[in-house]
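This report concerns only the one structure given below.
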Amino acid sequence: MPRVLVVDDTPSIRLLIKTNLELAGFTVEEAVDGVACLEQLAADSVLPDAITIDVMMPRMDGISTVTSLRNDPRTANIAVVMVTTQNHPADIQRATEAGVDCFLVKPFDPDELVDELHRAIEVRTARDNS
């Protein structure tokens, strides 16, 4: 069962993502922002297979968080799907450059989120095994 860390500062969005992912068979944990995400990952002995993350959050935004994830060898290969309202081409480019595997715009289709998470996990797993 794949594990996902849902990172978003809006409780209702975290609940929506968590509910949809649990219905699809994922094990889900939550963090309220980028700082909480990084602290949780540092404390976890078992890392998640994927992270969903928003762009706009207090303390540390999603782009900075993804950059930190990619710069840490321990977390560099976790699949990351950005789920955000920020859909300007510059935002998408910044997210891609930071290392996001997929970019979904809110409101999102729950089935598309599940499909993109599975795809991103498969791609990262195949890359790790080659």
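The values are calculated or read from the model by the stated rules, or taken from the named source; none is laboratory data. These numbers were taken from a predicted model, which means no experiment stands behind them. Cβ atoms come from the backbone with ideal geometry, glycine included; neighbour counts cover every protein chain shown.
Kindly evaluate residue 66 against the criterion of being buried (at least 16 other Cβ atoms within 10 Å of the Cβ) and either without any contact (Cβ under 8 Å) to a residue 24 or more places away in the chain or touching a helix residue (DSSP H, G or I) at 6+ places or on another chain (Cβ under 6 Å) (or both). Judged against the criteria, residue 66 is a match.
Per-residue answers, yes or no, for (1) over 14 Å from the mean Cα position of the chain (by Cα); (2) at pLDDT 95 or above:
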residue: 64; (1), (2): no, yes
residue: 69; (1), (2): no, yes
residue: 72; (1), (2): yes, yes
residue: 75; (1), (2): no, yes
residue: 79; (1), (2): no, yes
residue: 87; (1), (2): yes, no
residue: 90; (1), (2): yes, no
residue: 113; (1), (2): no, yes
residue: 124; (1), (2): no, no
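Quick one: is residue 92 touching an Asp or Glu at 6+ places or on another chain (Cβ under 8 Å), aliphatic (A, V, I, L, M) and surrounded by 13 or more Cβ atoms within 10 Å (Cβ to Cβ)? Spelling it out, it is not the case that residue 92 is touching an Asp or Glu at 6+ places or on another chain (Cβ under 8 Å), aliphatic (A, V, I, L, M) and surrounded by 13 or more Cβ atoms within 10 Å (Cβ to Cβ). Scanning segment 92-111 for residues that are farther than 15 Å from residue 20 by Cβ, under 12 Å from the mean Cα position of the chain (by Cα) and aliphatic (A, V, I, L, M) turns up 95, 100.
Output the residue which, of all residues in segment 35-63 that are of a type in the set (Val, Ile, Thr) and within 15 Å of residue 10 (Cβ to Cβ), is surrounded by the fewest Cβ atoms within 10 Å (Cβ to Cβ).
Kept after step one, since they are of a type in the set (Val, Ile, Thr), are these residues of segment 35-63: 35, 46, 51-53, 55, 63.
Going one step further and asking which of them are within 15 Å of residue 10 (Cβ to Cβ), we end up with 52-53, 55.
Working: 52: 31, 53: 27, 55: 22.
Applying the filter and picking the extreme gives 55.
Only residues that are touching a residue at least 24 places away in the same chain (Cβ under 8 Å), closer than 22 Å to residue 124 by Cβ, over 10 Å from the mean Cα position of the chain (by Cα) and not in a loop (DSSP other than H, G, I, E, B) were counted across segment 1-36, and they come to 10. Out of 85, 27, one residue alone is surrounded by fewer than 15 Cβ atoms within 10 Å (Cβ to Cβ) and within 14 Å of residue 4 (Cα to Cα). It is 27.
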